[in-house]
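Reading through the structure tokens given below for one structure.
The values are calculated or read from the model by the stated rules, or taken from the named source; none is laboratory data. The model shown is predicted, which means the values in this text are computed figures rather than measured ones. As a convention, Cβ positions derive from the backbone with ideal geometry for all residues, glycine included, and neighbour counts pool all protein chains shown.
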Amino acid sequence: MNLLAWLDPWEPSPTVVIAIVLSAVLFVRGASKARVTLLRRVSFWFGLTALYIALHTRLDYFFEHEFFMHRAQHLVLHHLGPFFIALSYPGPALRAGIPFSCRQGFLRPVMRTYAVRKTVDVLMHPVVAVTLFVGLIYFWLLSPVHFVAMLDWRLYRVMNWSMVIDGLLFWWLVLDPRPAPPARLAPGRRILVVIAAIPPQIALGAFIFFSSHELYPVYSICGRAFTWLSPMRDQQIGGLLLWIPGSMMSVIGALVALRHWMRLSARGRLREPRARTRPVHAQAERIHTCGMPSSSCTSDTGAKPNAP
């Protein structure tokens, strides 16, 4: 088979094409204006290409007929693709790629509405972000839910898009290179957020791997792409993909967040704790009160200054 034939979609989706093409056009338009480095451009295109391959190629047939291939697909949709897109920090480029009239007349007013701001605040809350990131994996891998999702093409696409959108939100929160504010979380809290997502993924992957019975019979009912692979072996490989590569992506995310923390600290861009500013404010207040340096004022014990 011609290699280009693999790029033909197994099930064509206008939504995927529009979303990928629109993102690519906006990034191309805004990359030069926002001065995006070559490394960031490579990271963005790699992530966007990975999402397209996992959503809109002939590989989708294998994603629907083998459990371990399905887990590989979600590893790309939820971890790899969004990770590299967020790592490229494409926000300024995408924003610059939108026509100025659209930004001023539509995008900015919509983003400033109460409903949108509150929705973003809730989704970007660290507890909610971790819960959604891990919870969606658990939800779509519940045997009854997974059975229906793999049979209904509409629910199947909802499942895939939910993984993409949640992955983008989570990795955007964790890999933000800016100090807080304007970033939503301080660098240290970003590390804690991504580390908190590791144990639940390990637990679920280990449970699937060590399970003694077939958890997802839908693949046997609909027919498997690889007849030489037993259902239990297929399930074990899928559990390993969630257990090891999924957790390793979180470890890499924590290392990147740590690198951003060290870079911001070296440049003196971290916000100083309030406790460090209190002695300075207290000393300034005492100078203002007595009109002279604090050493010449009355001490805290009530002792009077020496007479001249």
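Report yes if Ser13 is under 18 Å from Ile98 (Cα atoms), out of contact with any strand residue (DSSP E or B) (no Cβ under 7 Å at 6 or more places or on another chain) and modelled with pLDDT under 95, otherwise no.
No: the conditions fail for Ser13.
Out of the helices (runs of 4 or more DSSP H) lying entirely within region 43-158, which hold 3 or more residues that are closer than 25 Å to Gly239 by Cβ and β-branched (Val, Ile, Thr)?
Output list reads 126-140.
Do we have Arg29 as over 18 Å from the mean Cα position of the chain (by Cα), in contact (Cβ under 8 Å) with a residue 12 or more places away in the chain and in a helix (DSSP H, G or I) here?
yes
Starting from region 159-175, take each residue that is within 18 Å of Thr131 (Cβ to Cβ) and list its partners that are not in a helix (DSSP H, G or I), counting only C-beta distances under 6 angstrom and pairs at least six apart or across chains.
From region 159-175, the pairs are Leu173/Met124.
Identify the residue in region 70-100 that is within 17 Å of Arg157 (Cα to Cα), of a type in the set (A, V, I, L, M, F, W, C) and touching a Phe, Trp or Tyr at 6+ places or on another chain (Cβ under 9 Å) and, among all such residues, is surrounded by the fewest Cβ atoms within 10 Å (Cβ to Cβ).
Here the residue is Ala72.
Go through region 173-182 and count every residue that is touching a Gly at 6+ places or on another chain (Cβ under 7 Å) and assigned to a loop (DSSP other than H, G, I, E, B).
Residues meeting the conditions: 1.
Can you name the condition, by its number, that Glu11 falls short on among (1) closer than 23 Å to Leu241 by Cβ; (2) crowded, with 17+ Cβ neighbours inside 10 Å; (3) among the charged types (D, E, K, R)?
Every condition holds for Glu11 apart from (2).
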